[in-house]
Amino acid sequence: MNTVGPYHNRQETYNYFSLPFCRGNKKEISHYHETLGENILGVELEFSGIDIEFQHNKVKSDFCDVTLTPDYYDAFFYGIRNHYWYQMFIDDLPVWGIVGEMDDSDKSAYIWTHKKFEIGYNGDRIVDVNLTSEAKVRLQPNMQLPFSYEVVWKPSNIPYKHRFDKYLDPGFFQHKIHWFSIFNSFMMVLFLVGLVSMILLRTLRKDYARYGKDDELDDM
């Protein structure tokens, strides 16, 4: 798993488990150590505990559950109300999912509790990954919230060397490289520098005018 945060503000990201999601039972990998490049890109990978074996289909199965204490309920409700989405990786290929959605008619929050992975393979290589979120459940305090997943493997003709091509398509939601965020941050710095410069200039002008009046009085 990577990050979670509001869809409409992609500069604001948190570790996936900052929301009270649970982990699966598989414990072989406790934490994935990012490369320098991944650190620069803001990648914060944690192992989900979901057990996926190459070319082994998995029928819908529960992998963990959460008891919605008041704090957990509030955390999920806040995330759903603010349109939180998350990113995860399978064999270095990114997929994205929405945490849940609001029902505006009664202000209820619904969370997606099932992940369906469709994984394309070519020979002994993974070349495509898709994630579908299903099983929408209404959040209620103190409820037991089970999370489930299934895996469907499909043969694919995509060459391994082209497996990232779809992410380079302008029509596809791009991998989060933060260029837009970097540009926004740069423009914000310019704005703040300009604002501070304007305030200093006005202050200096007032001081200069005051000192000028004092000099005139001294001359008199």
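The values are calculated or read from the model by the stated rules, or taken from the named source; none is laboratory data. These figures come from a predicted structure and were not determined experimentally. For neighbour counting, all protein chains shown are included, and Cβ atoms are generated from backbone atoms with ideal geometry for every residue, glycine included.
Of all positions in region 147-160, none carries a residue that is closer than 21 Å to Arg10 by Cα, at pLDDT 70 or above and not β-branched (Val, Ile, Thr). Looking only at region 129-140, residues that are surrounded by 16 or more Cβ atoms within 10 Å (Cβ to Cβ) and not β-branched (Val, Ile, Thr) come to 3 in all. Of all the numbered requirements in (1) modelled with pLDDT under 85; (2) on the phi > 0 side of the Ramachandran plot; (3) aliphatic (A, V, I, L, M), Ala135 misses one, and that requirement is (1).
So which residues in region 116-146 are outside any strand (DSSP E or B) and free of Cβ contacts under 8 Å to residues at least 40 places away in the same chain, if there are any at all?
Taking region 116-146 and keeping what is outside any strand (DSSP E or B), we get 123-124, 139-143.
If the condition is that a residue be outside any strand (DSSP E or B) and free of Cβ contacts under 8 Å to residues at least 40 places away in the same chain, then Gly123 is the only one that fits.
In region 58-86, which residues are assigned to a strand (DSSP E or B), of a type outside the set (Phe, Trp, Tyr) and touching a helix residue (DSSP H, G or I) at 6+ places or on another chain (Cβ under 8 Å)? Correct list: Val66 only. The one condition from (1) of a type in the set (Phe, Trp, Tyr); (2) in contact with a strand residue (DSSP E or B) (Cβ under 6 Å, 6 or more places away or on another chain); (3) crowded, with 16+ Cβ neighbours inside 10 Å that Tyr72 does not meet is (2). For the residues Arg163, Arg205, the requirement of being out of contact with any helix residue (DSSP H, G or I) (no Cβ under 6 Å at 6 or more places or on another chain), modelled with pLDDT of 65 or more and not assigned by TED's automatic domain parsing to the domain that holds Ile119 singles out Arg205.
The set of residues from region 87-115 being among the hydrophobic types (A, V, I, L, M, F, W, C) and assigned to a strand (DSSP E or B) comprises Met88, Phe89, Ile90, Leu93, Val95, Trp96, Ile98, Met102, Ala109, Ile111, Trp112.
Quick grid of which residues meet (1) of a type outside the set (S, T, N, Q); (2) in contact with an Asp or Glu (Cβ under 6 Å, 6 or more places away or on another chain); (3) modelled with pLDDT under 95:
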position	(1), (2), (3)
Glu12	yes, no, yes
Cys22	yes, no, yes
Asn25	no, no, yes
Tyr32	yes, no, yes
Thr35	no, no, yes
Ile40	yes, no, yes
Val43	yes, yes, yes
Ile50	yes, no, yes
Phe77	yes, no, no
